[in-house]
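First comes the structure, then the notes that go with it.
The values are calculated or read from the model by the stated rules, or taken from the named source; none is laboratory data. Owing to the predicted nature of the structure, the values given are computational and were not obtained by experimental measurement. Virtual Cβ from ideal backbone geometry, glycine too; neighbours counted across all protein chains shown. We work out accessible area using only protein heavy atoms, side chains counted, and drop any ligands, DNA or RNA first. Shrake-Rupley method; radii C 1.70, N 1.55, O 1.52, S 1.80 Å.
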Amino acid sequence: MSLDPNLIAVDIDEVLSQYVKTFLTWHNSVYKTTFTLKDITHHDLSCVLGCSLEQFIEKLHVFHETSYFKELPTLPGALRGTEWLRKEYTLIAVTARSDYLQAQTQSWLDTNFPGTFSAVYYTPDFDVAPVLSKADICDKEGAAVMIEDSYNNAVACATNGRKVLLFDKPWNRHHPSHPSVQRVYSWPDILRHL
């Protein structure tokens, strides 16, 4: 497998979109909770919310039908950062979203990042059917760089000389450093590391 030095894989949620913050705003409104982004110290939100995985998946399905999800705000700097990157690189989006969200995801990308991504790949976290992982997609496509917020995905992608930029989030701060994973704190920081 060879890496294409001009190909960058980019996660969508919490790299391009403010997914978790928006989900918490919705959750707090519907369930009368008071969660903030700082409370999310684990990538598995069901643990933090105190519900079963099945209950959490049901909440996600309801959330995905709301205007909160359809109008997710972009992460600060993401639009400018991807505009700069696409001048020099080919960008692909690699997301853990489920297949049933493909139309909504493509619509959101077309609205917020028109013409930015040459392809969008789905690696659903909660689907039963076997799927390719983000690392598999990066290997298959030859992405030289992956920009990600999940520590486990970042480490899995950090193979074969691939550079991985881990967007700093409360849920990935308790993990140890990894020699092939560079923690980044903002989109300007991402651009400095490329």
What fraction of the DSSP beta bridges in the chain is antiparallel, stated in percent and rounded to the nearest 5? 10 percent
Cβ crowding within 10 Å averaged over residues, with 32-40, 70-78 ranked highest first: 70-78, 32-40
Tell me, what is a quarter of the convex hull surface for the C-alpha atoms of the chain, in nm² with one decimal? 10.5 nm²
Using mean Cβ contacts within 10 Å as the protection proxy, how do 101-110, 163-172, 6-15 order, highest first? 6-15, 163-172, 101-110
Relative contact order, percent, of segment 127-194 when contacts are C-alpha pairs under 8 Å separated by at least 6 residues? 25 percent
Mind checking the alpha-carbon convex hull of segment 91-194 and giving the volume per residue in Å³? 117 Å³
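Lys and Arg at +1, Asp and Glu at -1: add these up for the other residues within a Cβ distance under 10 Å of Leu49 and post the number.
Neighbour charge sum, excluding Leu49 itself: -1.
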If you fit an axis through the alpha-carbon atoms of helix 53-63 and take the longest principal axis of the Cα set of the chain, what angle between them do you get, 0 to 90°, nearest 10? 90 degrees
Ignoring ligands, DNA and RNA, what percent of the 1.4 Å accessible area of the chain is carbon and sulfur? 52 percent
If you project the alpha carbons of segment 1-107 onto their three principal axes, what span does each projection cover, largest first, in Å? 46, 30, 28
Taking only Cα atoms, what is the 0 to 90° angle, nearest 10, from helix 19-31's long axis to the longest principal axis of the chain? 0 degrees
Given the pairs Lys59/Lys140; Lys21/Lys140; Lys38/Lys140; Lys38/Lys87; Lys38/Lys163; Lys134/Lys163, which span a C-alpha to C-alpha distance of over 25 angstrom in this model? Lys59/Lys140; Lys21/Lys140; Lys38/Lys140; Lys38/Lys87; Lys38/Lys163
Per-residue ellipticity at 222 nm for the chain, helices alone: DSSP H runs ≥ 4 residues times -39500 (n - 2.57), over residue total, nearest 500 deg cm²/dmol? -11000 deg cm²/dmol
